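Participant: This is the structure I have questions about; it appears just below.
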Amino acid sequence: MPESRELLLSVRELSVSFRTRSGIVHAVDRLSFDLRQGEVLGVVGESGSGKSVSMLAVMGLVTDPNAIVQGSIVFRGQELVGTAEKRMRAMRGRDIAMIFQDPMTALTPVYTVGWQIVEQIQAHQPLSKKAARLQARELLGAVGMPNPDAQLDRFPHQLSGGMRQRAVIAMALACRPALLIADEPTTALDVTVQAQILEVLDHMRKTIGSAVILITHDMGVVAELADRVMVMYAGRAAETGTASDLFNDPWHPYTWGLLGSIPPLSGPKPRRLLSIAGAPPSLVHLPDGCAFAPRCPSRFELCSKRPALSGVLEHDAACFLDEDARVLARPAMATDGAGP
Amino acid sequence: MMLLLLRRLGQMLFVMFGISVLAFAIFFATPGSDPSARIAGRNAAPETLIQVRHDFGLDRPLPVQYVLLMKRLFVTGDLTSFVNRGQKVVPEIIAATPVTLSLVLGAALLWIVAAGVIGTLAAATRGSWLDRGLMIAGLIGVSMPVYWLGSVLNLFAQSRMHDSLLFSWVPPLGYIPLSEDPFGWFKTLVIPWFTLAVLYAGLYGRILRGALIESLQEDYIRTARAKGLSESRILLRHALRCSLISVVTLFGLDFGALVGGGALLAEVVFALPGIGKLTFDALQTLDLPVIMATVIYASFFIVASNAVVDIAYGFIEPRMRDA
């Protein structure tokens, strides 16, 4: 089980804010989480919940001059926040790699797939072009590209979306990174291709032994791959725990809402799916207390204070409801449907 | 790629044929006017008119006239100017072409290099004082008319400061063929090159900066950063490489137009006997055969350089190869 593995990444009180004309936007607000070697962490939340920005901060890729990154990101015992760009660059692609949502635009259109993988290999390893190309060919074979020799010399536009995402995965894993951040790797793909890509991702991380942070808003993807899950809301962690904790015994009302919005595969079909009332909060004017409180059907006096993540056995929720209150509140939310 | 090349060449020939027909029609088939009178020039003697009519086959049907004209332009090359008393037109154009090509090629090389440096530096440091300074300098360059800048430079280099160390090397105005004296050729052309390049360097620098900044927002730049590549490699190998299309498109048009006689102002100011100067002189004396020939020559050059640009697209942009 995860506990036995060594700690790879430890994020503490990470905040990313942007100065804008309408005020300071708190995209990530004091986020903390841990990741062990070889573990798959699913990060779930709606658009604008700070999933992508927090992981870009881990990569050191928050390049906006108006952005402020605070807190601590420790990767293999090394502090990344405030690290010189040159050192960060040496780690990027070699120790921490990232794949992005849309494979259609993620590859430079004017270079062949092989050229781009070779570029990735040569950026971090002193290999000859020939050796790098050989390695690129192997990688393409490993991610299940049919006829990898021919694919090396093809341009991105000559490949289908699924093929391109395979190439992107091959490129990201070219230097066998300890951590792979996958930002919605299947969102832009056909449903039939999604499963294949997830399979490739899972297969590759097992062979290489990379830990994976899987950003998604697809609970199905999380259920399939993730060891642990972090639910994010308004730039904060709402709930963290093992995948089975979260699916079988979710604590946070926001998680209930997320799970309730998936149509069940068995049993009677609900008349209408649960939706969470209200809209996500403006990140400029976050409420003082729990960010979810304005939309929460179970809120009470305490919710005007900010809840800390707390729980038992690595299952934590940022919620003041205790076990008894949860038992009462969750069915109420499900039947209310539209919340308060 | 081969197919693209062949198809583009075929298209080019077709367009050139169309242009030659149009140019012919404008000069010979305009209703209500007698082409022989215009070809012969002002106050021509009746004998000249008769000779022109016979020479150009003006008493025969239009298609025959067209074929005759094309034959004299491209096959026998003996199209004659009547205003200038029997001067042959085609050799004149052939003599003027290397002058214009020397001027425009040198200037183009200069402005492409300058614009590349200006645009890349400005995009890399966008928002900084360097970026602003370069863009203002570019704007000043664009705003200075060629004839003004050329005249000012001539004033200094040829008279006011000709004896100073800075300009003592400058030869008198005019053109020295490359085959005769390469160093002299270079020396006469340095100032014209610079004058012509200033205008285009500013323009191209600004356009390249815009294209680069747009490329830098693309997803593949984020991917390149995530690969751990250096900023300069990202800028040059990824962003710049993808921004070339806009510059190459513009370059094809400008280059074609300049070689086709658009460098007229620079040629007149620096007394370079190129195509622009030839057209300019022909217009002043209403020398119709020369005007006709230069119009056809210019349009052919624009078409040809556009075809070259389209073929260059195939190299720059792999997505065009399959189209």
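The values are calculated or read from the model by the stated rules, or taken from the named source; none is laboratory data. In this text the structure is predicted, and so the values were computed from the model without any measurement. Positions of Cβ are generated from backbone atoms using ideal geometry, with glycine treated the same way; all protein chains shown enter the neighbour counts. These area figures cover heavy atoms from the full protein model, side chains too; ligands, DNA and RNA do not enter into them. Shrake-Rupley method; radii C 1.70, N 1.55, O 1.52, S 1.80 Å.
Participant: Taking only Cα atoms, what is the 0 to 90° angle, nearest 10, from helix B:241-257's long axis to the longest principal axis of chain B?
Facilitator: 20 degrees
Participant: Please work out the C-alpha center-to-center distance from region A:265-285 to region A:308-324 and express it in whole Å.
Facilitator: 22 Å
Participant: Quick one: plug the Kirkwood hydrodynamic radius of chain B (C-alpha pairs) into Stokes-Einstein at 20 °C, 1.002 mPa s, and report D in µm²/s.
Facilitator: On the way: Rh = 22.5 Å.
Rounded to a whole number, D works out at 95 µm²/s.
Participant: Follow-up question, since we're still on this one. Can you list the HN-Hα couplings for region B:267-279, worked out from phi with the Karplus curve (6.51, -1.76, 1.60; θ = phi - 60°), rounded to whole Hz and with x for Gly and Pro?
Facilitator: Values per residue, Gly and Pro as x: 5, 5, 4, 9, 6, 9, x, x, 4, x, 5, 4, 4 Hz.
Participant: So, one more: Among A:233, A:114, A:167, pick out the residue whose Cα is farthest towards the positive end of the charge dipole of chain A, where Lys and Arg carry +1 and Asp and Glu carry -1 on C-beta, about the Cα centre.
Facilitator: Most positive-ward Cα: A:114.
Participant: Taking the Cβ of residue A:234 as the centre, find all other residues whose Cβ is under 14 Å away and add up their charges (Lys, Arg: +1; Asp, Glu: -1). Can you show the working numbers first?
Facilitator: On the way: positive: A:30, A:51, A:236, A:295, A:306; negative: A:29, A:46, A:239, A:288.
For residues surrounding residue A:234, the net value is +1.
Participant: How much length is gained on full extension from residue A:24 to residue A:192, taking 0.36 nm per residue of separation minus their Cα-Cα distance? Could the numbers behind the result be given before it?
Facilitator: Working: separation 168, 0.36 × 168 = 60.48 nm, distance 4.11 nm.
Full extension of this stretch gives 56.4 nm more.
Participant: Order the following by accessible area, largest value first: A:169, B:316. Probe radius 1.4 Å; ligands, DNA and RNA are ignored. Provide the component values of the computation, followed by the final result.
Facilitator: On the way: A:169 0, B:316 25 Å².
Correct descending sequence by accessible area is B:316, A:169.
Participant: Now for a separate question. Largest first, what is the accessible-area ranking of B:33, B:179 with a 1.4 Å probe?
Facilitator: Numbers: B:33 50, B:179 115 Å².
The ranking, largest first, comes out as B:179, B:33.
Participant: Let me ask something additional. At 1.4 Å probe size, with no ligands or nucleic acids counted, give the accessible surface of residue B:55 in Å², nearest ten.
Facilitator: My reading of the accessible area for residue B:55 is about 50 Å².
Participant: Put +1 on the Cβ of every Lys and Arg and -1 on every Asp and Glu Cβ in region A:107-265; which of A:142, A:251, A:125 then has its Cα farthest towards the positive end of the dipole?
Facilitator: A:125
Participant: Still on this model: Summing Lys, Arg as +1 and Asp, Glu as -1, what charge do residues with Cβ under 13 Å from the Cβ of residue B:116 carry, residue B:116 excluded? Could the numbers behind the result be given before it?
Facilitator: Working: positive: B:206, B:209, B:241; negative: none.
Value of the local net charge: +3.
Participant: Mind listing the long-range amide H neighbours of residue B:87? Cut-off is under 5 Å, sequence gap 5 or more, other chains count too, H placed in the peptide plane at 1.01 Å from N.
Facilitator: Those qualifying (amide H under 5 Å, at least 5 residues apart or on another chain) are B:81.
Participant: Further, regarding this structure: Please work out how much accessible surface residue A:216 shows to a 1.4 Å probe, ignoring ligands, DNA and RNA, in Å² rounded to 10.
Facilitator: Number for this one is 10 Å².
Participant: Between A:186, A:108, A:240, find the one with the highest GNM mean-square fluctuation for chain A; connect C-alpha pairs within less than 10 Å.
Facilitator: A:108
Participant: Determine the shielding of peptide A:93-104 by partner chains: average, over its residues, the number of Cβ atoms on other chains within 10 angstrom of each Cβ. Each step should come with its number before you reach the end.
Facilitator: On the way: counts 7, 2, 1, 2, 3, 5, 2, 5, 1, 1, 2, 1.
Counting other chains' Cβ atoms within 10 Å and averaging over A:93-104 gives 3.
Participant: Using Cα pairs under 8 angstrom and six or more residues apart, how large is the relative contact order of chain A, in percent?
Facilitator: Values: 621 pairs, mean separation 64.2, N = 340.
Value for chain A: 19 percent.
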